[in-house]
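Just below is one structure, and these are the notes that go with it.
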Amino acid sequence: MNKEADGNELMAICKRRGFIWPSFELYGGVAGMFDYGPLGCTMKNNILEVWRDIYKGREGFVEIDSETVNPAEVFKASGHVDEFSDYMTYCTQCQLPFRADHLVKNFCENPDTMSPAELEGAFSEFGIKCPECGGDLGKVEEFNLMFKTTIGPGSARVGYLRPETAQGIFVNFQNLYRYNREKLPLGVIQTGRGYRNEISPRQGMIRMREFNMMEVELFVDPHDKGWSRFPEVEDEELVLVPNTGTDTVVKTVGQAVEEGIIANRVLAYFVCTTKQLLLRLGIDADRLRFRQHLKDEMAHYAADCWDAEVLLSYGWTEITGIADRGCWDLSRHSQFSGSDLSHFDRFDEPKEMTFMKVQANHRMLGPAFKGKAKDIAAALEAKTPEDVRDGKIVLNISGEDIVLTSEYFEVKEVTEKVTGERVVPHVIEPSHGLDRIFYSLLEHSYFYDEKREYSVLRLRPEVAPIKVGVFPLMEKDGLDVLAKEIYDKVHSTMTEAYYDGSGTIGKRYARMDEIGTPWCITVDYESLEGPDKGTVTIRERDTGDQKRIPADKAAETVRNLVGGLGFSDL
RNA sequence: GCGACCGUAGUCCAGUGGUUAGGACGGAUGCUUCCCAAGCCUCUGACCCGGGUUCGAAUCCCGGCGGUCGCACCA
């Protein structure tokens with residue numbers, strides 16, 4: 001066993017010590033589902049708090065919490081219903097799976113609109129066989145990566161469990177925009193579960209059917225993709241794998257933008273923010289890189305996308321994606337809902353704008369069209385000079401084509417004072433897979449200590465579920481009384497402590513090392529009498545070094561250490 | 001979804017038709033002034049589920065569920 005984590009040994013610790021448990025083991029288990037045990041739950045919360053500290057604390061973004069079950073309309077607009085739903089068939093002979101609509105492509109007009117029965121009909125009508133072995137094709141089945149359900153009794157209202165939390169933010173854009181007093185940039189964060197009905201989940205916690213996300217949606221002015229704090233990170237280095245090749249390059253954030261490797265400053269800033277977050281959590285810098293999505297790899301909504309990848313026992317694995325989703329989401333929701341989801345971009349000073357405009361001639365329209373004149377005039381003025389053909393404009397008013405000749409309108413130059421324009425905000429999305437980050441931290445902090453002959457999790461104090469073990473050297477002679485007093489003072493939901501008086505002292509240290517507890521406090525006989533009366537020892541996990549500190553300062557000391565104070569500065 | 005392999009205490013392994021399923025580690029308890037998984041006592045705890053064959057099944061057969069790996073699928 002070496003420094004690189006052995007996935008099995010690590011998973012054994014996780015299961016044994018209560019980080020994660022495969023779900024429903026009592027009933028045989030379900031692949032791709034895991035429960036967080038007490039230690040895992042605490043550690044997961046700690047990761048969330050660090051993420052919140054950066055996005056809500058440092059950047060001042062706002063947090064919401066939206067529904068996990070969404071009506072179908074949401075995912076029709078987002079594109080997930082179409083993109084995540086395929087008709088599949090299997091060859092009855094060689095069992096290979098095929099997209100049913102692809103097989104009938106050469107025979108039918110609109111294969112993607114056909115029902116399963118129509119597709120099966122087409123197989124027999126056109127004699128379509130398995131392209132691999134020529135065998136008969138089986139039944140056509142819909143395979144959708146989203147979990148489907150119904151909302152309310154009956155099956156009238158179709159709903160889906162969200163495959164990402166992002167849509168909850170997009171559908172609340174108007175509320176959030178007003179909350180932010182109609183200003184951009186507008187940063188919104190949300191954490192919660194997403195669901196994908198994976199065909200065959202593998203790789204443990206890496207591909208889960210129900211998973212936790214920490215998503216950030218930053219709405220920016222499409223004309224301004226800068227970021228005010230950009231200068232702070234300009235000189236920080238990033239390990240990048242651009243999609244122009246397969247080479248890894250090291251560039252500063254500033255260089256990456258200047259050389260056009262990363263599309264814009266705001267995207268680059270959040271690539272860098274992601275690096276800061278991951279390193280602060282305890283990802284090994286040598287096993288972290290940012291890889292740009294290939295053009296054909298990009299999700300249907302993404303304009304540019306960088307993945308934070310970490311090296312795990314499974315290979316390079318995506319744990320965070322930072323995407324520029326452009327105006328896709330808001331445009332689509334605007335189109336499907338009929339609501340205006342734009343931002344009014346006020347110019348610094350109003351512009352005098354001169355342009356050609358179609359103006360209705362009300363004097364002629366009124367007598368000619370009577371009651372319809374008002375609608376016609378409005379429709380007419382919505383047209384542009386380019387709509388004039390052969391001196392005429394054709395309008396369609398409630399299904400009726402109306403041809404207007406030039407006496408009913410005038411194309412003239414007008415000068416207007418324009419104070420701003422409506423734009424659909426672009427979205428920068430750093431989306432973090434919480435479970436994947438959680439697992440990566442365990443792998444990167446896993447260390448087999450040759451001297452001690454057991455495994456140690458070198459977790460950063462901020463994420464370690466238990467901050468300090470509190471032990472009496474022996475559970476008698478009043479040592480246990482003092483140790484329990486100290487435990488009571490130190491232990492809180494933010495600074496979890498663990499009292500242990502059983503077995504030998506070495507065994508207790510080992511137990512704490514194995515779950516990543518950074519420090520242990522031990523009450524010994526010197527604590528009770530002699531020159532060191534009133535002091536206790538505190539031991540550092542990674543070095544085994546010990547110092548004596550006053551017992552009544554234990555709680556304060558632990559808080560300071562968690563806050564970043566060095567052990568050697570005690 | 002297909003194929004191969006696999007399924008025994010919390011964990012790792014033994015048992016391959018026949019008494020009460022055995023060990024190690026772990027966990028609990030007690031003793032020893034016990035600072036790095038020390039020793040000793042005692043205790044705890046398992047044959048994935050269902051059916052079949054058999055006098056008798058953890059063991060053989062069938063089915064299911066689950067796992068690992070490969071293929072396929074997927075971010």
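For the stretch A:458-553, which GluC sites (Glu not before Pro) are in a loop by DSSP, counting at most 12 other Cβ atoms within 10 Å?
A:Glu529
With protein chains left intact and a 1.4 Å probe, residues in chain A average 50 Å² of accessible area per residue. Classify the stretch A:184-271 from the C-alpha gyration tensor, please: rounded if a/c falls under 1.5, else prolate or oblate depending on whether a/b exceeds b/c. Here the stretch A:184-271 falls in the oblate category. Accessible surface of chain A, 1.4 Å probe: 48 percent of it comes from carbon and sulfur atoms. Shown are A:Lys451, A:Lys251, whose ranking by accessible area with a 1.4 Å probe and every protein chain present, most to least, is A:Lys451, A:Lys251.
Computing Rg and the Kirkwood Rh from the Cα coordinates of the stretch A:440-570 gives a ratio, Rg/Rh, of 0.95. Available extension along the chain between A:Glu237 and A:Val418 is 60.9 nm, counting 0.36 nm per residue and deducting the alpha carbon span. Given R0 = 22 Å, the distance between the Cβ atoms of A:Asp545 and A:Leu279 translates into a calculated FRET efficiency of 0.35.
Put a dot 7 Å past the Cα of A:Ser313, heading toward its Cβ, do the same for A:Asn180, and the two dots end up 4.2 nm apart. A probe of 1.4 angstrom, applied to the heavy atoms of all protein chains, finds A:Phe336 with accessible area near 100 square angstrom.
Annotation note: trypsin sites (Lys or Arg not before Pro) in the stretch A:476-570 located in DSSP loop regions with a Cβ neighbour count of at most 15 within 10 Å are A:Lys476, A:Lys533.
Here the extension length gained between A:Ala368 and A:Arg52 equals 107.3 nm, from 0.36 nm per residue of separation less the Cα-Cα distance.
Maximal additional length on extending the A:Lys451-A:Thr495 stretch stands at 12.9 nm, based on 0.36 nm per residue less the C-alpha distance.
Across the options A:Leu528, A:Leu479, A:Tyr499, the greatest Cα extent toward the positive end of the charge dipole of the stretch A:466-569 (unit charges at beta carbon of Lys, Arg, Asp, Glu) belongs to A:Tyr499. With both labels modelled 7 Å from their Cα along Cα-to-Cβ, the A:Ala303 to A:Ser124 distance reads 5.0 nm. Relative to the Cα centre, the charge distribution of chain A, modelled as +1 at Lys and Arg Cβ and -1 at Asp and Glu Cβ, gives a dipole magnitude of about 940 debye. In this label model, A:Arg559 and A:Ser339 are separated by 4.4 nm, measuring between points 7 Å along each Cα→Cβ vector. Where only DSSP H runs of four or more residues are counted, chain A gives -8000 deg cm²/dmol as its mean residue ellipticity at 222 nm, each run worth -39500 (n - 2.57).
The values are calculated or read from the model by the stated rules, or taken from the named source; none is laboratory data. If you're wondering where the values come from, they're calculated on a predicted model, not measured in any experiment. With ideal geometry, Cβ positions are generated from the backbone for all residues, glycine too; neighbour counts draw on all protein chains shown. Quick note on the areas: whole protein, heavy atoms, side chains included, nothing else; ligands and nucleic acids left out. Shrake-Rupley method; radii C 1.70, N 1.55, O 1.52, S 1.80 Å.
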